[in-house]
Amino acid sequence: MEQPPPAEQQPIGSQSIHTPPAYSRIPSLDIIRGIGVLGALFVSIWIFGGFSEQQQNQLLLTSKGWNYRVFGALQIFFSGKMLALVAIVFGAAMVIFLSKQQQAGQQPAVDVFVKKYLWLIVFGVFNGLVLLWSRDILFHLGIMAILLFVFFRMKPRALLVATLLMTVVYCGKYYWDYADHKKMYGKYTAAVTLEKKYEKDSVAKAKKAIVAKKDTLTKFQKQDKEAWEGLVAGKKVDLKKDDDNIKKMRSGNYGKVWNHLLPATQSRQAEWLYKKGVWYLAAMIFMGMWLYKIGFFTSRFTRGQYFLLAIAGITVGVLLAWYRVHFQQISLQDYEKFVKNKALPHTIFFPIEKAAMALGYASLVMALLHTTVFSKIFSAFAAVGKMALTNYLLQSIVCTMFFFGYGMGYFARLTQFQLYLFVAEVLLLQTIFSVLWLRRFTYGPAEWLWRRISYGKMLPHTMRKQSTTPQTVTVLS
């Protein structure tokens, strides 16, 4: 996506953004996007590689060893945070694109925008249903772009309020799910109490040689009891639960793997988006819009201010992540006791944790961007960010072909450390590929196709550069 930076800084309360020529880019956005796309694979690999929820919970229960420490570190520093970074940049890019000045003969920005993100939805469907990545995010981002683009003119203060509101609602979603579990537990205890009473009455009548019809629970009371017992049983760690999934994922038949993953894909793309994803992504997209409008991505603040934001955001995120992981361990030990004694779920602050940590990471990038020490590293991240769509789809292709049965069949065959070594190799190759590709071409292959089908024949779409001189990131000062 084109990202024209503002030619001049606007006051925090400014409602409009002046944008210069369309083919300028904001380096920080490419860098942060690149970090988000690369870092997300350290968490996605759990799904790709068969490091199941049962195995993860087993590590949390044992709470010792290097496997536990590495997994805990990724839970704290990566889980949910990389997607948040991508969504924040996505929100900023939406404002930039829609704020472009229309030139004679060009299609209105809004028309192109809608077409671009309808096509992004198509890319998401392809990634989920053809490449078989059940946790695809392109579909979600496309939907959210269509839903939220009308808000791009909002003032920064209104966008900040929207960010906070969406985050609170997202927290509420976790609480409401937990409240349902508390209700289930209440119905269960009522049914169990009544059942014990009936048994006691039956014993008393038998001692007195009284012949009477035995009282039993009603159909609905039995359902209440069974529902809670099923929920608790589902929370208990049992590695044998993975056996069926492993068998099907190792199938050499693409169709069988497709059929097995289809319910998970449908659930993620519909149920998750409707229940939680829309609030999560809306909060981060609004945050990205707000940060862009206050000049965050164009060095409006001093280096010291960025460092303070980074320290504050990362510290808050780490503390909330520790809270989440710690109480998740307690809930896994005895979920019935946890529901009985705890007023809040362990996930209640997860939305705030992700937002704070993502803001901290973005601030750290902006602080370090003021120096030349990290120029080459940031250039590499920026190259990945410019080709984010290509790299994201490549991750799906490489991982599914390596792990799934119709490919090389390594699903659930690698240890946790081997999975992360595989990730490191993939990310290194992607970074090298992105840098080399952009020395000769203006866009990545998927980005070029996306532009082509979005703009049609209204604009030239030559992908090859006129000069092969490598470009580096401009370090902000």
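Overview of values
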{"read-out": "20 °C / 1.002 mPa s Stokes-Einstein diffusion coefficient of the chain, Kirkwood radius on C-alpha pairs, µm²/s", "value": "87"}
{"read-out": "Straight-distance crosslink candidates among lysines, where the alpha carbon sits under 20 Å from Lys116 and sequence neighbours closer than 8 are dropped", "value": "Lys100, Lys386, Lys457"}
{"read-out": "Shape box of the stretch 320-428 [Cα atoms, principal axes, largest first, Å]", "value": "52, 46, 23"}
{"read-out": "Added length on full extension, which subtracts the Cα-Cα distance from 0.36 nm per residue, Leu61 to Ile146", "value": "26.4 nm"}
{"read-out": "C-alpha long axis of helix 254-266 to longest principal axis of the chain, angle in °", "value": "80"}
{"read-out": "Cα gyration tensor, the stretch 158-198 - rounded (a/c under 1.5), prolate or oblate", "value": "prolate"}
{"read-out": "Förster radius 56 Å - calculated FRET efficiency between Gln223 and Val373, Cβ distance, rounded to 0.05", "value": "0.30"}
{"read-out": "Equivalent ellipsoid semi-axes, the stretch 222-377, via Cα gyration tensor eigenvalues times 5, rooted, Å", "value": "39, 23, 16"}
{"read-out": "Candidate aspartates and glutamates for bridging to Lys115, where Cα separation is under 19 Å - those fewer than 8 sequence places away on the same chain excluded", "value": "Glu2, Glu447"}
{"read-out": "Theoretical ellipticity at 222 nm over the chain - DSSP helices of four or more residues, -39500 (n - 2.57) apiece, nearest 500", "value": "-23000 deg cm²/dmol"}
{"read-out": "Projected label distance in nm at Ala190 and Leu118, using a 7 Å step from Cα toward the beta-carbon", "value": "5.0"}
{"read-out": "Distance in nm between pseudo-label sites at Asp238 and Glu53 (7 Å out along the Cβ direction from Cα)", "value": "1.5"}
{"read-out": "Greater than 18 Å apart at Cα, pairs in Lys182/Lys337; Lys235/Lys337; Lys64/Lys240; Lys182/Lys225", "value": "Lys64/Lys240"}
{"read-out": "Filter on Lys276/Lys340; Lys200/Lys236; Lys197/Lys219 - keep pairs with C-alpha separation over 20 Å", "value": "Lys276/Lys340; Lys200/Lys236"}
{"read-out": "Candidate aspartates and glutamates - alpha carbon under 14 Å from Lys187, same-chain residues fewer than 8 apart omitted", "value": "Glu195, Asp224, Glu226, Glu229, Glu336"}
{"read-out": "Cα gyration tensor, the stretch 23-179 - rounded (a/c under 1.5), prolate or oblate", "value": "prolate"}
{"read-out": "Net lengthening on full extension, Trp176/Leu262 (0.36 nm per residue, minus Cα-Cα)", "value": "28.2 nm"}
{"read-out": "Span from the the stretch 354-392 Cα centroid across to the the stretch 93-166 one, whole angstrom", "value": "21"}
{"read-out": "Rounded tilt (10° steps) of 416-440 against the dominant C-alpha axis of the chain", "value": "20"}
{"read-out": "Mean Cβ count within 10 Å, highest first, over the residues of peptides 140-147, 108-115", "value": "140-147, 108-115"}
{"read-out": "Cβ-Cβ FRET estimate between Gln305 and Ala158, R0 fixed at 22 Å, reported to 0.05", "value": "0.45"}
{"read-out": "Degrees between helix 278-293 axis and first principal axis of the chain (Cα, 0 to 90, nearest 10)", "value": "30"}
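Values quoted throughout were computed directly from the atomic coordinates according to the rules given, and no laboratory measurement underlies them. Quick caveat, the model's predicted, so the values are computed rather than measured. With ideal geometry, Cβ positions are generated from the backbone for all residues, glycine too; neighbour counts draw on all protein chains shown.
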